[in-house]
Amino acid sequence: MNILAKCHYVGNGKLYAYGFAYALDPDNPNTYIARLGVPVIIDLYNKSAKVIEGLPLSNGHGIAMGRHGNKMVYGSANDEYNGFSTVDLITGQVETKVATVDGFPSFFYSFE
């Protein structure tokens, strides 16, 4: 990974983020639309990072992230859709395409 973006600490040493690496889309010279962002979970105690399997890669301009209840919500502009996916913080279950948007998903607000 080259950088972390949109980091969200959930406690117990766990940090959810978007990791960005140019190696994820090396043949795309247009970094505006290149799929360089991958959802990751960082374990601060064990100093490790893991890709969250099942969530799509995103370009760097269409990302959003935040918590809603026991779920981490990832906004993504990817090859299949622009919208939001979730990861259950307890079970790790991934749900994609929870909501779609026109344009890039760059922000959301959670009402609880």
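The values are calculated or read from the model by the stated rules, or taken from the named source; none is laboratory data. Just so it is clear, the structure is predicted and the values come from calculations on it, not from any experiment. No Cβ is skipped: glycine too gets one built from the backbone with ideal geometry, and neighbour counts run over all protein chains shown. Surface accessibility is based on the protein's heavy atoms, side chains included, excluding ligands, DNA and RNA. Shrake-Rupley method; radii C 1.70, N 1.55, O 1.52, S 1.80 Å.
Structure summary
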{"quantity": "Listed residues 29, 39, 56, most fluctuating in the chain (Gaussian network, C-alpha, under 10 Å)", "calculated": "29"}
{"quantity": "Pairwise FRET efficiency - residue 112 versus residue 30, Cβ, R0 = 41 Å, nearest 0.05", "calculated": "0.60"}
{"quantity": "Between segment 1-23 and segment 58-84, the Cα center-to-center distance that results, in Å", "calculated": "13 Å"}
{"quantity": "Solvent-accessible surface ranking, highest first, for 35, 67 at 1.4 angstrom", "calculated": "67, 35"}
{"quantity": "Net length gained if the chain between residue 101 and residue 9 were fully extended (0.36 nm per residue, minus Cα distance)", "calculated": "30.5 nm"}
{"quantity": "Top of 16, 45, 74 by mean-square fluctuation, Gaussian network on the chain, Cα under 10 Å", "calculated": "45"}
{"quantity": "Segment 25-83, accessible surface, carbon-and-sulfur percent (1.4 angstrom probe)", "calculated": "49 percent"}
{"quantity": "Surface accessible to a 1.4 Å probe, per residue, for the residues of the chain, Å²", "calculated": "59 Å²"}
